[in-house]
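The values are calculated or read from the model by the stated rules, or taken from the named source; none is laboratory data. Being a predicted model, the structure only gives us computed values, none of them experimental. Note that each Cβ is placed from the backbone with ideal geometry, even for glycine, and that neighbours are counted across all protein chains shown. For accessibility, only protein heavy atoms count, side chains too; no ligands or nucleic acids. Shrake-Rupley method; radii C 1.70, N 1.55, O 1.52, S 1.80 Å.
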Amino acid sequence: DEIYQIRLKEYERLCQPFDLGIVKSPENFAGGKHMVWVKGRGVGASFKGGSIAAYNYFFVEESNTFLTADDKAFLDDDGLWTKTIEYVDFLNANTAFKKSRSINTKEHIQAGFIEDEVMKGSMSQIMAISMSDDPDKARGKDASLIIYEEAGTFSNLESSYNATRPSVEAGAY
């Protein structure tokens, strides 16, 4: 109840001027919800998504972040994956948070190293997945976060979402 009251006050402070139509009930502020961000063009969403993915990689051990798009060009060609890798490379080069990569391909990175033939480290990973030819590509993998880049362009958004949704749920959350 106390957490609900705190979250409700924060919602009212931040969102009241926008009348988002959110029903103010404890269930909507309890956590364990999925989120869709509908926004205009040019607000830096790919930069924000890339920074969240990089944050998980560096600071959330064993996190699995999937960056998905229907068209691979939205991941590459200065897209979400490219921005994410730029953040990761910058932090590796300029901070004390450097993470070695046990996997380092053009579509998958994993933080870790091999010592005495044993994989060690945070094991956090980020994968870029194009869903255009197969909405089931991320099915069955546990995920901490899945970002659908340019979701409006997905030819198979509903089936991609339905295939990946269990990846970010456990029980009622």
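Out of the stretch 49-62, which residues are assigned to a helix (DSSP H, G or I) and either in contact with a Cys (Cβ under 6 Å, 6 or more places away or on another chain) or open to solvent by less than 90 Å² (accessible area, probe 1.4 Å) (or both)?
Here is the first cut: in the stretch 49-62, the residues assigned to a helix (DSSP H, G or I) are 49-59.
Result: Gly49, Gly50, Ser51, Ile52, Ala53, Ala54, Asn56, Tyr57, Phe58.
Per-residue answers, yes or no, for (1) touching a helix residue (DSSP H, G or I) at 6+ places or on another chain (Cβ under 7 Å); (2) aliphatic (A, V, I, L, M); (3) open to solvent by less than 20 Å² (accessible area, probe 1.4 Å):
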{"position": "Asn64", "(1), (2), (3)": "no, no, no"}
{"position": "Asp77", "(1), (2), (3)": "no, no, no"}
{"position": "Ile85", "(1), (2), (3)": "no, yes, no"}
{"position": "Asn92", "(1), (2), (3)": "no, no, no"}
{"position": "Ser100", "(1), (2), (3)": "no, no, no"}
{"position": "Gly112", "(1), (2), (3)": "no, no, yes"}
{"position": "Glu117", "(1), (2), (3)": "no, no, no"}
{"position": "Leu145", "(1), (2), (3)": "yes, yes, no"}
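Out of Ser155, Ser159, which single residue is among the small types (Gly, Ala, Ser), within 27 Å of Gly40 (Cα to Cα), modelled with pLDDT under 85 and open to solvent by less than 70 Å² (accessible area, probe 1.4 Å)? Break it down stepwise before answering.
Details: Ser155 fails: open to solvent by less than 70 Å² (accessible area, probe 1.4 Å).
Exactly one residue qualifies, and that residue is Ser159.
Under 7 Å by Cβ, and 6 or more places apart or on different chains, what pairs join a residue from the stretch 70-96 that is touching a residue at least 12 places away in the same chain (Cβ under 8 Å) with one that is among the hydroxyl-bearing types (Ser, Thr, Tyr) and open to solvent by 70 Å² or more (accessible area, probe 1.4 Å)?
Filtered contacts from the stretch 70-96: Asp70/Ser155.
In the stretch 85-98, is there at least one residue being under 14 Å from Ser124 (Cα atoms), over 15 Å from the mean Cα position of the chain (by Cα) and either of a type in the set (A, V, I, L, M) or at pLDDT 80 or above (or both)?
Yes: one or more hits.
Table: residues versus (1) more than 18 Å from Gly50 (Cα to Cα); (2) among the charged types (D, E, K, R).
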| position | (1), (2) |
| --- | --- |
| Thr84 | no, no |
| Asn94 | no, no |
| Gln125 | no, no |
| Asp134 | yes, yes |
| Tyr148 | no, no |
| Gly152 | yes, no |
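Any idea which residue in the stretch 119-143 is surrounded by the fewest Cβ atoms within 10 Å (Cβ to Cβ), counting only those that are within 14 Å of the chain's Cα centre (by Cα) and at pLDDT 80 or above? First the steps, then the outcome.
Residues of the stretch 119-143 that are within 14 Å of the chain's Cα centre (by Cα), as a first pass: 124-129, 138, 141-143.
Imposing the further condition that a residue be at pLDDT 80 or above reduces the set to 124-129.
Details: Ser124: 22, Gln125: 22, Ile126: 25, Met127: 22, Ala128: 26, Ile129: 20.
Among those that are within 14 Å of the chain's Cα centre (by Cα) and at pLDDT 80 or above, it is Ile129.
If the Cβ limit is 8 Å and pairs must be 6+ apart or interchain, which residue in the stretch 44-65 that is over 14 Å from Met123 (Cα atoms) pairs with which residue that is assigned to a helix (DSSP H, G or I) and open to solvent by 90 Å² or more (accessible area, probe 1.4 Å)?
Final answer for the pair search is Gly50/Glu86.
Does Thr84 satisfy the condition of being in a strand (DSSP E or B), in contact with a strand residue (DSSP E or B) (Cβ under 8 Å, 6 or more places away or on another chain), among the hydroxyl-bearing types (Ser, Thr, Tyr) and on the phi < 0 side of the Ramachandran plot? Walk me through how you get there before you give the answer.
Numbers: in a strand (DSSP E or B): no; in contact with a strand residue (DSSP E or B) (Cβ under 8 Å, 6 or more places away or on another chain): yes; among the hydroxyl-bearing types (Ser, Thr, Tyr): yes; on the phi < 0 side of the Ramachandran plot: yes.
No: the conditions fail for Thr84.
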